[in-house]
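Notes for the one structure printed next.
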Amino acid sequence: MKSLLDLLGMLAFQTRALRAQAERHALVSGAICFVVGFLAFAIVRSAVYATLPDFVGPSEPLDSFFHLNLIQSLLFVFLVYVPSVIVLSNAISGNGLGFAVSRQEYRAHGSVLSPLWGMLFLIDAPLQYYVPQFLVLGSGFFGITIGMLVLLLLLVIYTIWAIKQLNYLSAAQAIAVFALSWFTLPVYYLLTSFFLALPFFILIPLLYLGFQWVRSHFASHANERDFQQQLHALTSNPQDSDAQYQLGLIHLRRRNLDVARRYFENALKIDPSDPEYHYCLGRANELAGDWAKALEQYEETYSLNPEYGMGDIFREVGKGYLQTGNVEKGAEFLRYFLNKRSSDPEGRYWLAVALLKSGDMDQMRVQLNTILDQARSNPRFFRKENREWIYRARNLIRDSRFGADKT
């Protein structure tokens, strides 16, 4: 149910929903959504134009199935297009042109793009049915159905938006990635042109791999359910704070924030002296947008262990003060943190925000430019891990310049 709400949220261009869907790494359910939407659109389209000679397909069931190009589309999306988008995004964002794609990147992109496209196919299928007319362009040189035209426009708009949000790119960079990704279309043409000519036994290992993938996916979910059941059993002991904490972590990863907070609060009632419990409750409150409560928990963490998270707690406390209106004290904590961890782009970004709020535009730009300089001089993995803060720094510099030009 949560996943469906996030899919609907993506259709409303909600970044929060996109991020939640990406963190699920739900490749199998994403592929199923793509298949359902693709088949619905293809079947409706075939039914609408069955009487036209140019649209009459094979009559045999197996031939008709292959004529839909479903298998070719799945192979193209997951083996060609998704990796290409990741590689191009890394290159355009300044991470260098490398052909290595991390598992996390792949799962995040596949979990977002495939169900998003499936939903767009489902939305457009009724339009294809009720508005089957053609638009003829260029004095009869080119014709396209209204439904297909709308589908293409939706695919372009939503894909660019998803690429932008997934990779923390600017709008121009996302458009460039999308435009360059079109160079993969010849691969799709080859798949649709020669796939049927391949011996059928080539499909057997592909089907076997798909079966193993589905089985491992459901096995992992079954193991997680068993783990949760065991933890629930442990919580029957009212003194088992760790069981409450572990359940909170599970729900925090799934962005079930209200449930996560409840479990962390239960853990703290049992053991209020554990800084980890306070920090995780603060993190859940931060993600929920409740900065006052987040700061309260971060301060508790700091009082119990000032070096928590190798000193990261100074950044969290400073960020909390900044978000609750105490800019001066927030900047103080952030400066202290950066004295120890000068290469941390998140802390430096929030210090830049504090300087912006205090009106020190010159020092704000110094901090933001330092982030970009460090990104250029550090290894590629540093840029990938901190892309969000590099992206935010570039945007804040651009916004500050735009504001200065307006004044």
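Would you please name the residue that is modelled with the lowest pLDDT, looking only at residues in the stretch 365-375 that are over 14 Å from residue 338 (Cβ atoms) and of a type outside the set (S, T, N, Q)? Filtering the stretch 365-375 for residues that are over 14 Å from residue 338 (Cβ atoms) and of a type outside the set (S, T, N, Q), the one modelled with the lowest pLDDT comes out as 375. Test residue 171 against the stated conditions and say whether it is closer than 30 Å to residue 390 by Cα, small (Gly, Ala, Ser), at pLDDT 85 or above and under 17 Å from the mean Cα position of the chain (by Cα). Judged against the criteria, residue 171 is a match.
Every test in (1) assigned to a helix (DSSP H, G or I); (2) in contact (Cβ under 8 Å) with a residue 40 or more places away in the chain is passed by residue 255 save one, and that test is (1).
Restricted to the stretch 51-85, and to residues there that are of a type in the set (Gly, Ala, Ser) and either modelled with pLDDT of 65 or more or part of a helix (DSSP H, G or I) (or both), the residue that is nearest to residue 121 (Cα to Cα) is 73.
Evaluate the stretch 201-213: report whether one residue or more is of a type in the set (Gly, Ala, Ser) and either surrounded by fewer than 11 Cβ atoms within 10 Å (Cβ to Cβ) or modelled with pLDDT under 90 (or both). Yes, the stretch 201-213 contains at least one residue that is of a type in the set (Gly, Ala, Ser) and either surrounded by fewer than 11 Cβ atoms within 10 Å (Cβ to Cβ) or modelled with pLDDT under 90 (or both). Just one of the listed residues (36, 28, 44) is surrounded by fewer than 18 Cβ atoms within 10 Å (Cβ to Cβ), part of a helix (DSSP H, G or I) and among the hydrophobic types (A, V, I, L, M, F, W, C), namely 36. Residue 289 fulfils the conditions (1) within 28 Å of the chain's Cα centre (by Cα); (2) assigned to a helix (DSSP H, G or I) except for a single criterion, (2). I'm checking my understanding of the structure. Among residues of the stretch 294-313 that are surrounded by fewer than 17 Cβ atoms within 10 Å (Cβ to Cβ) and either under 27 Å from the mean Cα position of the chain (by Cα) or of a type in the set (Gly, Ala, Ser) (or both), which one is farthest from residue 16 (Cα to Cα)? Only one residue fits best here, namely 303. Yes or no: the stretch 380-402 includes at least one residue that is surrounded by 14 or more Cβ atoms within 10 Å (Cβ to Cβ), of a type outside the set (Ser, Thr, Tyr), over 31 Å from the mean Cα position of the chain (by Cα) and modelled with pLDDT of 85 or more. Within the stretch 380-402 (the criterion being surrounded by 14 or more Cβ atoms within 10 Å (Cβ to Cβ), of a type outside the set (Ser, Thr, Tyr), over 31 Å from the mean Cα position of the chain (by Cα) and modelled with pLDDT of 85 or more), the answer is no, since none of the residues qualifies. Scanning the stretch 324-351 for residues that are farther than 19 Å from residue 286 by Cβ and either buried (at least 21 other Cβ atoms within 10 Å of the Cβ) or out of contact with any helix residue (DSSP H, G or I) (no Cβ under 9 Å at 6 or more places or on another chain) (or both) gives a single hit, 339. Identification of helices (runs of 4 or more DSSP H) wholly contained in the stretch 323-397 with 2 or more residues that are under 18 Å from residue 312 (Cβ atoms), out of contact with any Gly (no Cβ under 8 Å at 6 or more places or on another chain) and touching a residue at least 24 places away in the same chain (Cβ under 8 Å) yields 345-357, 361-377.
The values are calculated or read from the model by the stated rules, or taken from the named source; none is laboratory data. Given the structure is predicted, the values throughout are model-derived calculations rather than measurements. When we count neighbours, we look across all protein chains shown, and the Cβ atoms used for this are built from the backbone with ideal geometry, even at glycine.
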